[in-house]
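Engineer: Take a look at this one; I'll ask things after.
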Amino acid sequence: MDLQRTGSLVRPPSPMDSLEKQLSCPICLDMFTKPVVILPCQHNLCRSCASDLYDSRNPYRFSGGVFRCPTCRFEVVLDRHGVHGLQRNLLVENIIDIYKQQQEVSGNGRETETSLKPKESKEPMCQEHEDERINIYCATCQTPTCSMCKVFGQHKDCEVAPLESVYQTQKGELSNGIDTLVSSNARLQSLLIQMEDACRAVQENAQRAKQGLAERFDLLYAVLEERKTILLEQIGKEQDEKVAALRALAQRYGERLQASSDLTDSAVRALEQNGAAEFLLASKGLITQTKDAAKSSMGEERPEPGFEKMDHFTLSTEHVEAILAKIDFGSGDDEDVDFDDADEEEE
């Protein structure tokens, strides 16, 4: 039957095939590369593959981001550590080690169709021996090389080590370095947040300081306005008193001038009389009145010299201006002393 003829070509999957499938990463489709991380949905990924996928979709990942499982599309919210904050699946890593050991024992160094092939297409070839694949690591020169270079080439006198062991060691060191760098980034992010908080605090404190300064100057303005009003009232009061006194004197002068004018008219009319007897009857009283009026005008009350001056209201503010010009931030003790001295000088 056809089944018999094709039996050698198509065989049922072996348990190792099923195990290989279970140990394959859904991103790179090859066997998991340690370290292996487990998602909350219980699916496993190579941490390097998961990190590449996460970084491509979350370029600004220092504050965390969303990672979607490539198998079930379950979304996982990651913190600022990103994929490196996921838990490692040590059980799967141990199973991978056991699987590889079993493959080496069962195959006796031969590659079979069921063995998991490494990413051959991505492995570089030796530049000195084009047909040789780079499969060892020169520990002396710190560079990967091929077996032919160790036997016949420039690395024949060097110490070499298995490429896979060095690969796992350096990959682990790089992974640890990444973890350290992520922690450092977290510290830097914390410092950035602290700087932003400090900037906000400086702005708020400066605003309060400005408000307090404006209030203090408003108080100074109010004191100056109050003092200005008091001094203006003093000037106005003395002005009103002097003007009232001068107007009272002017009124008395006017009344006496009117009386003197009337007396002068009476005396002139007496001089115009023709009869001696009539003149003499009136002249005696007029003569006495005119003399008394002339004497009284000579002794009339007058304002004191300089009565009209207002020079004593001159205000000297040079010392106060000097003090105000020196106003600065501080305890204010010096300013208080200066103001007290200024008050004493003014008195």
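The values are calculated or read from the model by the stated rules, or taken from the named source; none is laboratory data. Please read all numbers here as calculations on a predicted model, not as lab measurements. Glycine gets a Cβ as well: all are built from the backbone with ideal geometry, and neighbour counts include every protein chain shown.
Engineer: Specify which of the listed residues (71, 6) is modelled with pLDDT of 80 or more, more than 26 Å from residue 166 (Cα to Cα) and hydroxyl-bearing (Ser, Thr, Tyr). Steps first, answer last, please.
Structural biologist: Values: 6 fails: modelled with pLDDT of 80 or more.
Testing whether each residue is modelled with pLDDT of 80 or more, more than 26 Å from residue 166 (Cα to Cα) and hydroxyl-bearing (Ser, Thr, Tyr) leaves just 71.
Engineer: Any idea which of (1) within 30 Å of residue 169 (Cβ to Cβ); (2) modelled with pLDDT of 75 or more is the one residue 58 doesn't satisfy?
Structural biologist: (2)
Engineer: Still on this structure, please answer the following. Quick check on my filter: what residues within region 215-252 are farther than 12 Å from residue 313 by Cβ, of a type in the set (Lys, Arg) and within 59 Å of the chain's Cα centre (by Cα)?
Structural biologist: Of everything in region 215-252, those that are farther than 12 Å from residue 313 by Cβ, of a type in the set (Lys, Arg) and within 59 Å of the chain's Cα centre (by Cα) turn out to be 216, 227, 228.
Engineer: Taking the stated definitions as given, is residue 223 modelled with pLDDT of 90 or more, over 23 Å from residue 320 (Cβ atoms), among the aliphatic types (A, V, I, L, M) and part of a helix (DSSP H, G or I)?
Structural biologist: no
Engineer: Take residue 131 and tell me if it is assigned to a loop (DSSP other than H, G, I, E, B), modelled with pLDDT of 80 or more and surrounded by fewer than 11 Cβ atoms within 10 Å (Cβ to Cβ).
Structural biologist: Answer is no for this residue.
Engineer: Okay, moving on. Quickly run through region 150-174 and pick out the residues that are more than 25 Å from residue 48 (Cα to Cα) and either touching a residue at least 24 places away in the same chain (Cβ under 8 Å) or out of contact with any strand residue (DSSP E or B) (no Cβ under 8 Å at 6 or more places or on another chain) (or both).
Structural biologist: 151, 152, 153, 154, 156, 157, 160
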